[in-house]
Amino acid sequence: MASIPTLSSSSIPSISPNNVSNPTNNNNNLHFTSLFGTRITIHRFSPIPPFPSVSCRTRATTATVSFSLPTTKPKADTIDKTPQWSARSIKSFAMAELEARKLKYPNTGTEALLMGILVEGTSKAAKFLRANGISLFKVREETVELLGKSDLYFFSPEHPPLTEPAQKALDWAVDEKLKSGDGGEITVTHLLLGVWAQEGSAGRQILSTLGFNDEKAKELAKEINEDVDLSFKKQA
């Protein structure tokens, strides 16, 4: 059975084979934090034994599905107030990791976050970009032009770690939501404006090259909360 993918491998503790074989081991208990979602247990059964005398063993594997994006540790006075990311934001981030892997890049940068937003495609931010002539094809083309191609025989990790500008873009989105004092979730628009806020980053350079500017950022900011109150069930 294939393993269940998560959004950030760096946030999830590894489980060794020795620990998996013993379900009662305390090391298998994953503590719930803001970066973890629902803990599930998958039971794997060995094939039917050829002889009745051979006992059939069951092995339990614990996996955690993350329902939030990786961000820096929140301040003590804001832990209870930290908002959640919208479903579209989480999907955009997952697509960003995938785009980084397609280009065989070792990290998920702001350019990958930008591509992930466009791959997800249904958010206000993605529609705004396309309405202004910024498509996935153009962003990918500019990314290769700016950062170059990776080595043919290089393979990206399953979850390419965030670059510093990309991490700052996520933190900016969270901070901006906290400053607003509004309820609801952190939207893809927060994520896109977080990328734009990182001066000198690859994502901002690509946006600038394709015609995005401060005026368009202000225009988009007016709709910053319109993707709030989303769930995976409501996306259809």
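Scan the stretch 126-137 for residues that are closer than 21 Å to LYS91 by Cα and touching a residue at least 60 places away in the same chain (Cβ under 8 Å) and jot them down. If the condition is that a residue be closer than 21 Å to LYS91 by Cα and touching a residue at least 60 places away in the same chain (Cβ under 8 Å), then ALA126, PHE128, LEU129, ILE134 are the ones that fit. A search for C-beta distances below 7 Å between a residue of the stretch 201-216 that is of a type in the set (Ser, Thr, Tyr) and any residue that is open to solvent by 10 Å² or more (accessible area, probe 1.4 Å), counting only pairs 6+ apart in sequence or on different chains, returns SER201/PRO165; THR209/GLU142. A single member of THR41, THR61 is open to solvent by less than 50 Å² (accessible area, probe 1.4 Å), in contact with a strand residue (DSSP E or B) (Cβ under 7 Å, 6 or more places away or on another chain), modelled with pLDDT under 95 and not in a loop (DSSP other than H, G, I, E, B), and it is THR61. For the stretch 98-134, a tally of residues being closer than 14 Å to TRP196 by Cβ and surrounded by fewer than 21 Cβ atoms within 10 Å (Cβ to Cβ) returns 2.
Take ASP182 and decide whether it is closer than 15 Å to ALA221 by Cβ and loosely packed, with under 13 Cβ neighbours inside 10 Å. For ASP182, the condition - closer than 15 Å to ALA221 by Cβ and loosely packed, with under 13 Cβ neighbours inside 10 Å - is met.
Quick grid of which residues meet (1) in contact with a Ser or Thr (Cβ under 6 Å, 6 or more places away or on another chain); (2) at pLDDT below 80; (3) among the polar types (S, T, N, Q); (4) surrounded by fewer than 22 Cβ atoms within 10 Å (Cβ to Cβ):
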residue	(1), (2), (3), (4)
ALA169	yes, no, no, no
THR189	no, no, yes, no
TRP196	no, no, no, no
ASN213	no, no, yes, yes
ASP227	yes, yes, no, no
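For the criterion of being farther than 22 Å from PHE212 by Cβ, at pLDDT 50 or above and open to solvent by less than 80 Å² (accessible area, probe 1.4 Å), PRO49 fails. Residues in the stretch 198-211 that are open to solvent by less than 30 Å² (accessible area, probe 1.4 Å), part of a helix (DSSP H, G or I) and among the hydroxyl-bearing types (Ser, Thr, Tyr): none. Evaluating GLU142 against the criteria (1) open to solvent by less than 60 Å² (accessible area, probe 1.4 Å); (2) of a type in the set (Asp, Glu); (3) under 20 Å from GLN84 (Cβ atoms) leaves one unmet condition, (3).
The values are calculated or read from the model by the stated rules, or taken from the named source; none is laboratory data. Please read all numbers here as calculations on a predicted model, not as lab measurements. Positions of Cβ are generated from backbone atoms using ideal geometry, with glycine treated the same way; all protein chains shown enter the neighbour counts. The accessibility values were calculated without ligands, DNA or RNA, using every heavy atom of the protein model including side chains. Shrake-Rupley method; radii C 1.70, N 1.55, O 1.52, S 1.80 Å.
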